[in-house]
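The values are calculated or read from the model by the stated rules, or taken from the named source; none is laboratory data. Computed from a predicted structure; not experimentally measured. Every residue, glycine among them, receives a Cβ derived from its backbone with ideal geometry; neighbour counts consider all protein chains shown. The protein model used for the area step is the full one, side chains on, heavy atoms only, and it has no ligands, DNA or RNA in it. Shrake-Rupley method; radii C 1.70, N 1.55, O 1.52, S 1.80 Å.
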Amino acid sequence: MFFKTLYRDLVRQPLRTLLTLSGVVWGTFAVVLLLAFGSAVKEQTMKSFRGMGKGIVLVFPSTTTMAYKGLTKGREVRITPETVETLPTKLPETIEMVSPDFSRAKRIRRKKEEVFNTVRGVNVDYEKMRNTIPAKGRFLNDADLSLRRRVAFIGYTLAEKLFKEEDPVGQQIFIEGVPFTVVGVLIHKIQTSNYNGMRDEHAAFIPWTTYTALYGDKFVNCFIYRPIHPEESPQSIEVLRNHLGDRAGFSPQDKDALQIWDFSEMEGKINIFLLSLTIFLGMIGSFTLLVGGVGVASIMLVIVEERRREIGVKLAMGAKRRQILAQFFLESITVILTGGAVGFSMAALLLKVLPMDKIKDYVGVPKLNPLVALATVATLLIIGLISGMMPARKAASTDPIEALRG
Amino acid sequence: MIELVKIRKVYRTGQVVYEALKGIHMKVNPGEFIAIMGPSGSGKSTLMNLLGCLDTPTEGFYFLEGEDVAGLSFDQLSEIRNKKIGFVFQSFNLLLYSTAFENIELPMLFDGIGRRERRERVEMLLERVGLKEWADHRPTEMSGGQQQRVAIARALANDPPIILADEPTGNLDSKSGKEIMDLFTELNREGKTILMVTHDHGIAGYARRKVEILDGQISTDTPNGFGHPTSPSPESPV
């Protein structure tokens, strides 16, 4: 009985049904899109963040701002790669692994292709810390370092530029005229931030031992380390300041002597930010949906008013109050769920056809994950229940005598 | 069939107390055709609402086929209305967005009658009121007289013993009015008990008993001896 009258009520007055629907359609559309984009941005940011490395701390030797042990302030802090490499042994409780990092732009040539890209001198552990995972070949190894081999691990964009379709592994390139053998190519990874030069996709990585031998650098541009306990990275920085201050001649209290970029700490902050972003977007979406729900409720209230006579007739013909209640409640719920389904499909369709290539690196690819779907359905149901119940109760409390008069 | 005992109906709005019915005694036997008359404000509408189980009395007893319905809940009364009472209104009160067929079907939907039986009964009723060809038309496409005939078919849907008609010809021209009254007369002859509110003495003439209400009380209750020229009742001496 419900479905028969329901069908009649909804289909026989298409304009009314359509108007009621539109609010919910739009609300659902908005909430789905917002949540899909929100979770994509979140995922993407974390991914590109990991592109820099996970749980690492970058240390940039800088200039002292305090006098220390008879040394004036304004001295450049200079740290040798040897000092850097002893850190895990000297501070075994604090530092798990470390890599010196030399970098400068160099001419890199292969046949007639020449570019002016960043060349980095690093060690083996750099791979684990910076996620420079090979797609082909391998990263630098211990023998490369100890033998000062002229080998290079290159970024994928650099590889495409120099080698086009060819496999670069085992081939030769010239860095400042010196031949190097390519041992590996970086996988495609997303990286939106960087330091000291170009992104990894454009760079060539060589053993730091080869780098210092060829270019004569004595002090690192920066170095990377991974604390043993990532959650205790702020403490590890203190320990490091104390240890290096003695050797490099700066006060442990001189915060500016070493510039620090702490990824573990930032990761936590970014996580919190992204979580609040998702909540924020979800709230905007839910409020939009709520407005749709209020629309349904108010239109249904008007409809109930408009249909008092019909309700009166039905009551006189023997309808029970709960049948009237169910009729109007089901009508609202049907409108809301149909609107939800339409809005959801529209959002899904838009996400499918929307050209995302240009912004993919920054916002990711928004897609409908189960969580978004679940959240939308739950919100719709709650709004449906509330905005369906009010008009239905009003309808069911109609006095048939009043409604039939005149 | 129907027995009203000391029925009082009192309305209270704030401090104002208004007694619409002041102790009604009335007995209706099966197969009667009664016209209820009275000026507006006399309480006849209140009486009709009570008889139709749309309202409950403040005091008194209402026995409908032996059952006291005065104290029943709204939903219990709904069931009685559904099975025992057919309503015919002055303004027809058809559902405008439904076809004639669907309007007639309505009381059966609330009674949970199956699809096939509904179809059979609706078709039978449409034929009974002479609107066989109009099943799929909406009220807006019909004349007043046709609409009222649909309403009568709807009142008969669950084959109730009692038909309550409130000014059934009030919105009709005299020709359509006469057709409707002829239909009522026929139904009465077939055994339906009909209670009809009217202002019109000509229309009241179709009934075989006339009850007049004045100031919430029955002022006269007389058999309609003279009858109506075109519709002699079986017992009337013709």
Subset of region B:37-61 (residues that are open to solvent by less than 10 Å² (accessible area, probe 1.4 Å) and more than 14 Å from chain A (Cβ to nearest Cβ))
B:Met37, B:Ser42
B:Gly23 is checked against (1) part of a loop (DSSP other than H, G, I, E, B); (2) at positive phi; (3) more than 14 Å from the chain's Cα centre (by Cα) and fails just one. What number does that condition carry?
(1)
Is region A:157-172 home to any residue that is among the small types (Gly, Ala, Ser) and in a strand (DSSP E or B)?
no
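Of everything in region A:302-334 that's within 14 Å of another protein chain (Cβ to nearest Cβ) and without any contact (Cβ under 8 Å) to a residue 60 or more places away in the chain, which residue is most open to solvent (accessible area, probe 1.4 Å)?
At the first step, the residues of region A:302-334 found to be within 14 Å of another protein chain (Cβ to nearest Cβ) are A:303, A:306-327, A:331.
Restricting the remaining residues to those that are without any contact (Cβ under 8 Å) to a residue 60 or more places away in the chain gives A:306, A:310, A:314, A:317-320.
Values: A:Glu306: 123, A:Glu310: 33, A:Lys314: 6, A:Met317: 9, A:Gly318: 2, A:Ala319: 0, A:Lys320: 30 Å².
Across region A:302-334, the extreme among qualifying residues is A:Glu306.
Please go through region A:102-144 and pick out each residue that is assigned to a helix (DSSP H, G or I) and either free of Cβ contacts under 8 Å to residues at least 60 places away in the same chain or open to solvent by 20 Å² or more (accessible area, probe 1.4 Å) (or both). Lay out the reasoning, then the answer.
Going through region A:102-144, the residues assigned to a helix (DSSP H, G or I) turn out to be A:126-130, A:142-144.
Result: A:Glu127, A:Lys128, A:Asp142, A:Ala143.
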Can you pull out every residue in region B:62-87 that is within 17 Å of B:Leu195 (Cα to Cα), within 12 Å of chain A (Cβ to nearest Cβ) and in contact with a helix residue (DSSP H, G or I) (Cβ under 7 Å, 6 or more places away or on another chain)?
B:Arg81, B:Asn82, B:Gly86, B:Phe87
Scan of region B:88-97 for residues that are open to solvent by less than 10 Å² (accessible area, probe 1.4 Å) and at the interface with chain A (Cβ under 7 Å from one of its Cβ atoms), ordered by number:
B:Asn93
Here's a check for you: in region B:98-109, which residue that is open to solvent by less than 20 Å² (accessible area, probe 1.4 Å) and either among the acidic types (Asp, Glu) or without any contact (Cβ under 8 Å) to a residue 40 or more places away in the chain (or both) is nearest to the other protein chains (Cβ to nearest Cβ)?
B:Leu109
Conditions first: (1) open to solvent by less than 40 Å² (accessible area, probe 1.4 Å); (2) among the charged types (D, E, K, R); (3) farther than 30 Å from A:Ala375 by Cβ. A:Lys255 passes all but one, so which condition is the exception?
(1)
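Could you list, in sequence order, all residues of region A:191-226 that are of a type in the set (Gly, Ala, Ser) and assigned to a loop (DSSP other than H, G, I, E, B)? Break it down into steps so the answer makes sense when it comes.
Residues of region A:191-226 that are of a type in the set (Gly, Ala, Ser), as a first pass: A:193, A:197, A:203-204, A:213, A:216.
A:Ser193, A:Gly197, A:Ala203, A:Gly216, listed by residue number.
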Count - residues of region A:364-383 that are crowded, with 18+ Cβ neighbours inside 10 Å and among the basic types (Lys, Arg)
0
Which residues, taken from region A:332-345, are within 16 Å of A:Leu15 (Cα to Cα) and in contact with a Gly (Cβ under 8 Å, 6 or more places away or on another chain)?
A:Ser332, A:Ile336, A:Gly339
The one condition A:Leu351 fails out of (1) in contact with a Pro (Cβ under 7 Å, 6 or more places away or on another chain); (2) within 14 Å of another protein chain (Cβ to nearest Cβ) is (2)
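Just to be sure, is A:Phe60 buried (at least 16 other Cβ atoms within 10 Å of the Cβ) and modelled with pLDDT of 90 or more? Show your work before the answer.
On the way: buried (at least 16 other Cβ atoms within 10 Å of the Cβ): yes; modelled with pLDDT of 90 or more: yes.
Against the criterion (buried (at least 16 other Cβ atoms within 10 Å of the Cβ) and modelled with pLDDT of 90 or more), A:Phe60 qualifies.
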Condition first: in contact with a Phe, Trp or Tyr (Cβ under 9 Å, 6 or more places away or on another chain) and either within 14 Å of chain A (Cβ to nearest Cβ) or in a loop (DSSP other than H, G, I, E, B) (or both). Now tell me which residues in region B:121-136 satisfy that.
B:Val122, B:Ala135, B:Asp136
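Would it be correct to say that B:Ile163 is under 24 Å from B:Cys53 (Cβ atoms) and assigned to a strand (DSSP E or B)? Give the derivation first.
Values: under 24 Å from B:Cys53 (Cβ atoms): yes; assigned to a strand (DSSP E or B): yes.
Criteria met by B:Ile163.
Open to solvent by 90 Å² or more (accessible area, probe 1.4 Å) and in the same structural domain as A:Tyr215 (by TED's automatic domain parsing): does that describe A:Lys164?
Numbers: open to solvent by 90 Å² or more (accessible area, probe 1.4 Å): yes; in the same structural domain as A:Tyr215 (by TED's automatic domain parsing): yes.
Here the answer is yes, as A:Lys164 does meet what is asked.
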Kindly check whether there is at least one residue in region A:286-300 that is surrounded by fewer than 19 Cβ atoms within 10 Å (Cβ to Cβ) and within 14 Å of chain B (Cβ to nearest Cβ).
no
Quick test of your reading of the structure: B:Arg118 fulfils all but one of (1) of a type outside the set (Val, Ile, Thr); (2) open to solvent by 30 Å² or more (accessible area, probe 1.4 Å); (3) within 14 Å of chain A (Cβ to nearest Cβ). Name the failing condition by number.
(2)
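Only one of A:Ala348, A:Ala403 is among the hydrophobic types (A, V, I, L, M, F, W, C), under 22 Å from A:Leu290 (Cβ atoms) and surrounded by fewer than 22 Cβ atoms within 10 Å (Cβ to Cβ). Can you tell me which?
Checking each option against the conditions leaves just A:Ala348.
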Subset of region B:166-181 (residues that are crowded, with 23+ Cβ neighbours inside 10 Å and part of a helix (DSSP H, G or I))
B:Ile180, B:Met181
Could you tell me whether region A:385-393 includes any residue that is under 36 Å from the mean Cα position of the chain (by Cα), surrounded by fewer than 23 Cβ atoms within 10 Å (Cβ to Cβ), away from every other protein chain (no Cβ under 14 Å) and not acidic (Asp, Glu)?
yes
